[in-house]
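Chemist: One structure coming up, written as structure tokens, with questions to follow.
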Amino acid sequence: MTDTLAVLEPATEAVLEEIPRGGVQDVDRAVAAAKAAFPAWRAVSPADRALLLRRLSDTVVDHLEELAQLEARNAGKPIGDARGEIGMVAQVFGYYSGAPERLLGDTIPVSGGQAFTVREPLGVVGLIVPWNFPLTIAAWKLGPALAAGNTVVLKPAELTPLTAVRFAELCLEAGLPEGVVNVVVGPGSTCGARLVAHPDVAKIAFTGSTEVGRSIAAGAAETIKRVTLELGGKSPNLIFADADLAAAAAAAPSAVFGNAGQDCCARSRILVQASVVDEFMAELERAVTAIRVGDPLDEATEMGPLISASHRAGVASFLDDGAPIAIRGSAPNAPGFWFPPIVLSPVGPGDRAAREEIFGPIAVVIPFSDETEAIRLANDTIYGLSGSIWSRDGGRALRVARALDAGVLSINSNTSVRVSTPFGGFKQSGYGRELGPHALDAYTEEKSIFFATV
Ligand code: NAD
């Protein structure tokens, strides 16, 4: 009897689709298929591999609305956001279609011959991804992995497998050979763990919680697998008194409540210079109460529900014990895992809401006195993924950006992810970088060859 998985729609709590749930044997079958496909895939000429990635990008564009609707319903995200995310999936394959023909090495002067380096694919790569940006985060790994000549086994999160399953079909439609992209839907504790342990998997590219990332790094040590980890965050949004306060306040809500706060880059610690806190809070209140929370398929919606009942319970636990709710937005009173956007203040830097990743629409506002204290508070966390600095003093903004222990920073903006720039964390937000021109380094081994000429 096949074990089935009921995939829910978070906005209604209804079953969206029932699909087979994979187990360890399915992982083993997928790894075997990827291993069998590897020699032929790595031998595809660079120009032809580029062409196939370009076709894959075009195929995603041809199915953009279908994939966006599926992602919006399964992950509960606003349809406008979902279209943007699937658009980014297409961009990633377009960007990395330029990579196979630019996988350059070095020539190194030595005596007695010629020394040079080449970059070899790793083999079978396991991709383990979370539920918050399901196909987009998968694409960040698929693009460079495939461009470098690897074959892959992708394990989506059990809550949001539908776009990954459809994507595997689109890969064949785009002309990628069978076995190059394999998808296994199943629990992390069995399927994910098997990928990590499998002797024929050369690397794990993981995005998810810091807790699971830790166990993956430990498991991968058994076979000395290569690992890249994109983990949790508790990112600061630093607002100095000399900033354009109206612009900073107007941008702050989407920087933390985008994707209902289920974003590893969420600027969930809003650090504001004490002299302008009252003015900032008044601006922020206007912006937060104006957020339209509702049906993900309504074009006007800006924030959808949380992903699941258990996740909502975890987020709600941060409001226990008389949390100081300074601003509360709205949320539908209907079936669905709804939660309103909330700002807590006053909050101390040692409070649980200021230290733990909430991964929901709750932000804290913490005042600071000067630049030194701002940097100290911003860095007082185990995480180091992203952050923003708002100031009209360019010198100060750059000084602070250099002083923050985080991988992705923006000045007078809350930008985190671009296809062409590196993305990843310091400290317990993980290691390795995705996207940008150097991502292929993490999907290849460097080989040094000496050719004797005497
Ligand atoms: P999670 O760690 O629970 O799960 C992520 C994936 O790992 C899922 O596919 C899951 O099935 C799998 N998994 C779980 N246990 C496993 C195990 N023992 N072995 C192998 N695989 C296992 O994370 P989540 O709840 O899906 O996502 C939320 C977390 O992801 C947050 O902490 C968030 O910050 C983080 N995240 C980080 C980034 C980033 O780029 N830094 C991006 C998005 C999300």
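The values are calculated or read from the model by the stated rules, or taken from the named source; none is laboratory data. Here the structure is a predicted model, which means the values were calculated and not measured. In this analysis, Cβ positions are derived from the backbone assuming ideal geometry, glycine residues included, and neighbour counts consider all displayed protein chains. Quick note on the areas: whole protein, heavy atoms, side chains included, nothing else; ligands and nucleic acids left out. Shrake-Rupley method; radii C 1.70, N 1.55, O 1.52, S 1.80 Å.
Chemist: Which of the residues belonging to the stretch 204-217 are in contact with a helix residue (DSSP H, G or I) (Cβ under 9 Å, 6 or more places away or on another chain) and either among the acidic types (D, E) or over 14 Å from E230 (Cβ atoms) (or both)?
Modeler: Of everything in the stretch 204-217, just one residue is in contact with a helix residue (DSSP H, G or I) (Cβ under 9 Å, 6 or more places away or on another chain) and either among the acidic types (D, E) or over 14 Å from E230 (Cβ atoms) (or both), namely S215.
Chemist: Right, something else. Before we move on, is A401 of a type in the set (A, V, I, L, M) and in contact (Cβ under 8 Å) with a residue 40 or more places away in the chain?
Modeler: no
Chemist: State the number of residues belonging to the stretch 1-24 that are among the polar types (S, T, N, Q) and within 16 Å of P187 (Cβ to Cβ).
Modeler: 2
Chemist: Which of the residues belonging to the stretch 192-224 are among the basic types (K, R) and under 16 Å from L154 (Cβ atoms)?
Modeler: Across the stretch 192-224, the qualifying residues are R194, K203.
Chemist: While we're here: Could you pull out the residue among V276, V272 that is assigned to a helix (DSSP H, G or I), modelled with pLDDT of 95 or more and within 24 Å of S386 (Cβ to Cβ)?
Modeler: Sole residue among the options that is assigned to a helix (DSSP H, G or I), modelled with pLDDT of 95 or more and within 24 Å of S386 (Cβ to Cβ): V276.
Chemist: Applying the selection to the stretch 53-81, what residues are under 16 Å from E299 (Cα atoms) and open to solvent by 70 Å² or more (accessible area, probe 1.4 Å)?
Modeler: E65, E66, R73
Chemist: Next question, about the same structure. Just checking: which of the strands (runs of 3 or more DSSP E) contained wholly in the stretch 353-454 hold 3 or more residues that are within 14 Å of the ligand (Cβ to nearest atom) and out of contact with any Asp or Glu (no Cβ under 6 Å at 6 or more places or on another chain)?
Modeler: So the answer is none; nothing clears 3.
Chemist: Return only the number of the condition from (1) within 23 Å of E373 (Cα to Cα); (2) open to solvent by less than 30 Å² (accessible area, probe 1.4 Å); (3) more than 13 Å from the ligand (Cβ to nearest atom); (4) of a type outside the set (A, V, I, L, M, F, W, C) that D278 does not satisfy.
Modeler: (2)
Chemist: Tell me, yes or no, whether the stretch 163-181 has at least one residue that is among the hydroxyl-bearing types (S, T, Y) and either within 10 Å of the ligand (Cβ to nearest atom) or open to solvent by 30 Å² or more (accessible area, probe 1.4 Å) (or both).
Modeler: Checked the stretch 163-181: no residue is among the hydroxyl-bearing types (S, T, Y) and either within 10 Å of the ligand (Cβ to nearest atom) or open to solvent by 30 Å² or more (accessible area, probe 1.4 Å) (or both).
Chemist: Checking the structure you have, find out if any residue of the stretch 430-437 is touching a residue at least 60 places away in the same chain (Cβ under 8 Å) and over 30 Å from I108 (Cβ atoms).
Modeler: Yes, that holds for at least one residue.
Chemist: Let me ask you something else. For the stretch 126-162, what are the residues that are away from the ligand (no atom under 13 Å from the Cβ) and either among the aliphatic types (A, V, I, L, M) or open to solvent by 10 Å² or more (accessible area, probe 1.4 Å) (or both)?
Modeler: Correct list: L142, A145, L146, A147, A148, V152, L162.
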